[in-house]
Amino acid sequence: MSRQSPSLAAVGITLDPAPGIAVSRHLYERIRDAILSGQLRPGLRLPSSRALAAELGVSRTTTVTAYERLRDEGYLDGRVGAGTTVALLQIPPAAAPVHQPPAVRRPPRLSAQGAALAGVRWRIRHAMDGPGSGPPAFPVGRPALDAFPAELWGKVVARRARRSAGSLLRYQHPAGYRPLREAIAAYAGMARAVRCTPEQVLVVGGAQAGLSLAARLLLDPGDDAWMENPGYYGARGAIIAAGATPVPVPVDEDGLDIAAGKALAPRARVAYVTPSHQFPLGVTMSLPRRLALLEWARTADAYVVEDDYDSEYRYVGDPLPSLQGLDGSGRVVYVGSFSKVLFPALRIGYLIVPDELVDAFAAGQRFAAAHVPALEQAALTDFIADGHFARHVRRMRALYAERGAALVQAARRELDGVLSVTPAHAGLHVIGWLPDGMDDGAAALRAAEHGVDVQPLSAHAQEPGRRPGLLLGHAATPEPDIVTGIQRLAAALTAAS
């Protein structure tokens, strides 16, 4: 039970410390906060340490310790014959720990670039654990961590640490661990028809790090960059962070509209595309559009950033060849990642850049804020060389196809007339189309309240106008939870209709 000092009762000084917090520290914090908030005004005389100890029912050592710390920090004055008084301080209003109501708070003062970055929304709300137990259903872009061979990965890392920890303690080449770059070049050539040498590969801290590096090296402040609309928020953020302007270019059933891009920003320096599986709509860029995009880049002296974020997961036919494999002019910067294939915390991605850009990108990587730890790079190299990576991709391709089919089947049964779910032939998510005029942002908020983590399609668009829809990830949600999640989503959507 808390005790209150009669001398300080008017300002509500109480002692009720949380477990593990020293009483002297708690008393110090309570008096300090009262001084900063103006409740204890400058010049006010406080009880002696002995009197205060008696009033609060604590040892005198406790009050002496608190007073001494407050005097040392300048909050109190203690003079012989004058007792202990609040120091004569000019306390700025911002120092007061009193929480202002949200309505009177001033917005933070940001740079123009900071304000623009803060406005890049990637989802309306992140659904935390909802009703029941376990993570929310349908997170977008998350792989099946329940199916990842974590024990095997741990053994690979431990073995690598034992065998070559000494050699991995030295500075590494800024482009990354050479054996991993060789493994990536071989894999991308075989699986994605990418044409490259290991020298063209740079290992980066995830796809986002690669996008940011490319934007900084290829764009000057004020430059225009074509951006798929709707499109990946991370690419838009990277363009803005480089000081450039993302120009929203419409996407149709054939992918990015090249003619519209030329009309909107004929002097653009970069075009960002996801040609194999457009995010978020899921369409594939047609061959005529691919050739037209490469021709534009060649004649305009521009570059194309190809984000091949989930090309491993195509459920009908073979994975489509990359745009980079068609490029004969050195105009494509290819971005790949292991985060969605293995696990997000790995944070290993890679860039494959044209020969003429290798030195510039290596220099840019040298001064980047983060580098991938060498042990993780070496362990991933072993994981690929031992065949574990290829086997994991094959297993996940089958698993994700099953989970995607289960989601579509459950949605058709539970959401008929409320949400029209389009089957996906690739990737880790499907799109559910809402009735015209419905607010997909509000629908996503209601879903979050029911423990369902979906993304509104509008959050990925720079310009309004497309039919409202929701993105539902199926990779990370086991089949039993898919049925439960669809039922929760149905409850959320029908309650508002």
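Values computed for the structure shown
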quantity	calculated
Selected from LEU27, ALA461, LEU320, residue furthest toward positive end of dipole (the chain; charges at beta carbon)	LEU27
Using a Förster distance of 45 Å, the FRET efficiency for ASP252-PHE367 (Cβ separation, nearest 0.05)	0.70
Signed unit charges on C-beta, dipole axis of the chain, positive-most listed residue LEU470, SER286, ALA144	ALA144
The stretch 155-292 - charge dipole about Cα centre, Lys and Arg +1 at Cβ, Asp and Glu -1, debye rounded to 20	1080 debye
Distance from the stretch 260-295 to the stretch 445-497 (C-alpha centre basis), Å	28 Å
Pairwise centroid distance, computed over Cα atoms, of the stretch 297-357 with the stretch 189-241, Å	9 Å
Spacing of the two label points (7 Å from each Cα toward its C-beta) at GLU402 and ASP439, in nm	4.1 nm
Net dipole in debye of the chain [+1 Lys, Arg Cβ; -1 Asp, Glu Cβ; about Cα centre; nearest 20]	1620 debye
Loop-exposed chymotrypsin sites (Phe, Trp or Tyr not before Pro) per DSSP, neighbour cap 12 Cβ within 10 angstrom, longest uninterrupted part of the chain	172-366
Loop-located trypsin sites (Lys or Arg not before Pro) in the stretch 239-344 whose Cβ has at most 13 other Cβ within 10 Å (DSSP)	ARG267
Helix 388-414 axis, angle to the chain major axis (alpha carbon atoms, nearest 10°)	80 degrees
DSSP-defined antiparallel bridges as percent of all bridges, the chain, nearest 5	60 percent
Cα-centred dipole magnitude for the stretch 151-386, charges only on beta-carbon of K, R (+1) and D, E (-1), debye, nearest 20	860 debye
Acute angle (nearest 10 degrees) that the helix 178-192 long axis makes with the longest principal axis of the chain, alpha-carbon atoms	50 degrees
Relative contact order, percent, the chain [alpha-carbon distance under 8 Å, six or more residues apart]	18 percent
Positive dipole terminus of the chain, leading residue within TYR232, GLY57, ALA215 (C-beta point charges)	GLY57
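Read-outs: derived from the displayed coordinates by stated rules, not from any lab. Remember, predicted model here, so these are calculated numbers, not experimental data. Because the Cβ atoms are built from the backbone with ideal geometry, glycine has one as well, and the counts that use them run over all protein chains shown.
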